[in-house]
Amino acid sequence: VARLHTDGSFEAELQKTFSGDFKVKYHMAPPIFGATNGPLGRPKKYEFGGWMKLALKAMRGMRFLRGTAFDVFGMTVERKAQRQMITDYEKLVEEVMANLNAQNYVAATEVLSAVQSVRGYGPVFEEALETYTQDLPAKLEAYMDNADKHIAA
């Protein structure tokens, strides 16, 4: 988010879209605040003024800390889940590649592309991950059924 809001393209789009004197306000739910009394039990969003752009620039400059012991967001449940997804996906690719054939190619692409549905932050990410996790076994089973048919033929 910091990168997207500080590379100049966001501001250029605002200038193109709006005219006159306007102020930018950021509505965010920083994980360090931890309040979950927003709509639908989601994290409460807080309004931040234009000064937040300076904070975002500072965060952008600290990207080199990502993945190190100094990554303050790295220990969140969400980031741990993201790292686990990478490990799980690498294993999934190996499994799919080991059984790939002409009959299960379409099913293989469905299995491997399903991970692209996991997007967003916070509760949006959690819901998408849950759906992906629930749907993946059926897709994998369909893929393996086609792999078995080819082997048996």
(message) Would you confirm whether or not the stretch 90-100 contains a residue that is outside any helix (DSSP H, G or I) and on the phi > 0 side of the Ramachandran plot?
(response) no
(message) Going residue by residue through the stretch 29-48, is there one that turns out to be modelled with pLDDT under 90 and farther than 18 Å from Gly122 by Cβ?
(response) no
(request) Read through the list (1) over 17 Å from the mean Cα position of the chain (by Cα); (2) loosely packed, with under 10 Cβ neighbours inside 10 Å, then give the number of the only condition that Asp71 fails. (result) (2)
(message) Only one of Val96, Val24 is open to solvent by less than 90 Å² (accessible area, probe 1.4 Å) and closer than 25 Å to Ala138 by Cα. Can you tell me which?
(response) Val96
(request) Scan the stretch 41-63 residue by residue and report those that are free of Cβ contacts under 8 Å to residues at least 60 places away in the same chain and open to solvent by 90 Å² or more (accessible area, probe 1.4 Å). (result) Lys45, Glu47, Trp51, Leu54, Lys57, Arg60, Met62
(message) Please go through the stretch 65-83 and give me each residue that is of a type in the set (Phe, Trp, Tyr) and over 13 Å from Ala2 (Cβ atoms), ordered by number.
(response) Phe70
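The values are calculated or read from the model by the stated rules, or taken from the named source; none is laboratory data. This one's a predicted model, so the numbers in the text were calculated from it and none came from an experiment. Please note: Cβ atoms are built from the backbone with ideal geometry, for glycine as well, and neighbour counts cover all protein chains shown. The area values use the complete protein model at the heavy-atom level, side chains included, leaving out ligands, DNA and RNA. Shrake-Rupley method; radii C 1.70, N 1.55, O 1.52, S 1.80 Å.
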